[in-house]
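Notes follow once the structure below has been shown.
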Amino acid sequence: MNIGLFGGTFDPIHNGHVALAHAALGRYGLGQILFVPANIPSHKQKHPLTPFLHRYAMVALATQDDKKFVPSLLEGPEFVVQDAAKVNGPSAERKPAINYSIDTVRRLKQSLKKSDRLFFLIGIDAFLDIAKWREAVALLRECEFVIASRPGFSLRDVAESLPEGLRPSAAVSRPFDKHPAQGDLVLPGLKLHLLEGVNQSVSATTIRAAAAQSRPLKRWVDSRVADYIRKERLYQNK
Ligand code: ATP
């Protein structure tokens, strides 16, 4: 089976995320997409994150109607002992583990069949930082990437975002400048699929700002998510 893994902060999950997932489902014949909210994302956030349970609950609500959409606890809260020497001691200090995609992918792959194909779904904005991710080269080799493209981005932007070592030389990528970011980019040991046509200009940042002003949210999020935000008084900047 072809399986999609879609990670994010989902604070909150919105129509842009769902549109990306729907487009990937059809295009790559995915049998299942796991929506994986990160408890503690490795990338620094500009805002304090809403507790994991609320973000997970919203993902579960927004994915309810599609049998192939699965809310996942793969990056749910986990605690690690800070100092290995104190594992069993009374002073063992535990702190929440940071979620790294490479660990999640490796853990997930242990439960997959050899014949399964794993597709890592990501928006192009997030992909532009991929070289800074932990074990980026290994991650790019572990699964196929589906990058939701946007008008204005070229194939060269994608190629030049790759970590050194995987990045084609400037001479090779320069002509990509004129090519919109679409189609497949196949380089030794990695496969990137560029998914165009997902153009929902919505972000979680906009939704949090609208919620803070008690403005209606239903044009950006599933109505159950909008109701949940209202009932739980999320994003009120108390
Ligand atoms: P924020 O506004 O808080 O930064 P966000 O809307 O970008 O949040 P995330 O949970 O950070 O949402 O994003 C998860 C993934 O979804 C990322 O790969 C991101 O690029 C992608 N994504 C976010 N918004 C859209 C959108 N409107 N269309 C397509 N992909 C998107």
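Cβ under 13 Å from LYS109's Cβ, LYS109 left aside: what net charge do those residues give with Lys, Arg +1 and Asp, Glu -1? With Lys, Arg at +1 and Asp, Glu at -1, the net is +2. In percent, rounded to a whole number, the relative contact order of the chain is 21, using alpha-carbon pairs under 8 Å and six or more apart.
Distance from the C-alpha centroid of the stretch 12-63 to that of the stretch 109-149: 15 Å, rounded to the whole angstrom. Note on VAL18, VAL146: ascending count of other Cβ atoms within 10 Å places them as VAL18, VAL146, the fewest first.
The 3J(HN,Hα) values that the Karplus relation (6.51, -1.76, 1.60; θ = phi - 60°) gives for the stretch 202-215 are, in residue order, 10, 9, 4, 4, 4, 5, 4, 5, 5, 5, 4, 9, 6, 7 Hz. Gly and Pro appear as x. Loop-located trypsin sites (Lys or Arg not before Pro) in the stretch 119-159 (DSSP state not H, G, I, E or B) with no more than 16 neighbouring Cβ atoms inside 10 Å: ARG134. Dipole of the chain computed with +1 at Lys/Arg Cβ and -1 at Asp/Glu Cβ about the Cα centre; of LEU5, PHE145, ALA209, farthest Cα towards the positive end is ALA209. Across all directions, the shadow cast by the convex hull of the chain built on its C-alpha atoms averages 15.3 square nanometres.
Every number in this text was worked out from the coordinates using simple rules, so none of it is lab data. All figures in this text were calculated on a predicted structure; none of them were measured in a lab. Cβ coordinates were reconstructed from backbone atoms using ideal geometry, including for glycine residues, and neighbour counts include every protein chain displayed.
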